[in-house]
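Novice: Starting off with a structure, shown below.
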Amino acid sequence: MGTAKTVVVLGRHDHTEAMRVAAGLTIFGHTVRLILMGGPVADTPENAVQAESLELADVQPETTVPDQGLPYLDTAALATALATAEAVISL
């Protein structure tokens, strides 16, 4: 296995897939931040399953969408997260 990295996963278009990828990356020892963007996360059974996976993987989702019940990132905080990441995955 390679060196563990700090990875930011951006859920821009597909929140479900972003959650799945973020949880999966932790298996390889990476430190993962999941930032959900583009609108509220849909209340679907698939997203509920992925939310459970995130909890098990100890990934706390964040968002750029205000008032979603998740930690909120403004543009400055988002920029800092991206600048300090060793890798960024946009989905």
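Throughout, read-outs are computed from the coordinates displayed, never taken from laboratory work. These figures come from a predicted structure and were not determined experimentally. Glycine gets a Cβ as well: all are built from the backbone with ideal geometry, and neighbour counts include every protein chain shown.
Novice: List pairs: first in segment 43-55 and within 21 Å of ARG33 (Cβ to Cβ), second outside any helix (DSSP H, G or I), Cβ under 6 Å, 6+ apart or cross-chain?
Specialist: ASN47/VAL41
Novice: Name every residue in segment 11-32 that is closer than 23 Å to ASP74 by Cα and surrounded by 22 or more Cβ atoms within 10 Å (Cβ to Cβ), in order of residue number.
Specialist: GLY11, HIS15, ALA18, MET19, ALA22, VAL32
Novice: Output the number of residues of segment 59-91 satisfying the condition of being under 12 Å from the mean Cα position of the chain (by Cα), part of a loop (DSSP other than H, G, I, E, B), surrounded by 15 or more Cβ atoms within 10 Å (Cβ to Cβ) and not aliphatic (A, V, I, L, M).
Specialist: 2
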